[in-house]
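Report on the structure given below.
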Amino acid sequence: MWLCIRTTLVVLSAADVNVCSKSALPYLFNYRTQFYNLEIERLQYQLSKDFVALSGIGFFFLTKSLLLQMAGAVVTYELVLIQFDDPENNSTNSTMH
């Protein structure tokens with residue numbers, strides 16, 4: 001149980017990288033001009049033009065929408081398994097001949 005909870009929290013926090021990168025952008029655009037420099041300009045450009053998320057070698061990007069899609073697929077699979085479960089074969093009262 002502990003391992004499942006810990007894995008879920010780690011994956012959710014990794015998916016939060018994309019959300020946090022988008023939330024920082026309005027603060028960078030409201031930066032005072034006296035403190036504005038080249039690094040702030042580069043960070044603004046990178047956050048507005050690049051897709052910031054953890055990647056699996058470029059094959060996929062870990063975002064919350066991907067996690068919701070994976071959870072939906074698991075729930076759908078489980079529901080199909082429950083639907084096709086044959087109660088006659090799983091009876092505990094059956095005797096073997």
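The values are calculated or read from the model by the stated rules, or taken from the named source; none is laboratory data. Small disclaimer: the values here were computed from a predicted structure and weren't measured. Don't worry about glycine lacking a Cβ; one is built from the backbone with ideal geometry, like all the others, and counts go over all protein chains shown.
A few notes on this one:
- Subset of the range 35-68 (residues that are under 9 Å from the mean Cα position of the chain (by Cα) and not hydroxyl-bearing (Ser, Thr, Tyr)): Phe61, Leu62, Lys64, Leu66, Leu67, Leu68
- Meeting the requirement of 3 or more residues that are among the aromatic types (Phe, Trp, Tyr), the helices (runs of 4 or more DSSP H) wholly within the chain are 2-29.
- Within the range 64-97, tally of residues that are at pLDDT 85 or above and among the charged types (D, E, K, R): 1
- Within the range 30-42, restricting attention to residues that are surrounded by 10 or more Cβ atoms within 10 Å (Cβ to Cβ) and modelled with pLDDT of 80 or more, the residue that is nearest to Leu54 (Cα to Cα) is Arg42.
- Screening Ser55, Ser13, Ser21 for residues that are out of contact with any Pro (no Cβ under 7 Å at 6 or more places or on another chain) and surrounded by 12 or more Cβ atoms within 10 Å (Cβ to Cβ) leaves exactly one candidate, Ser21.
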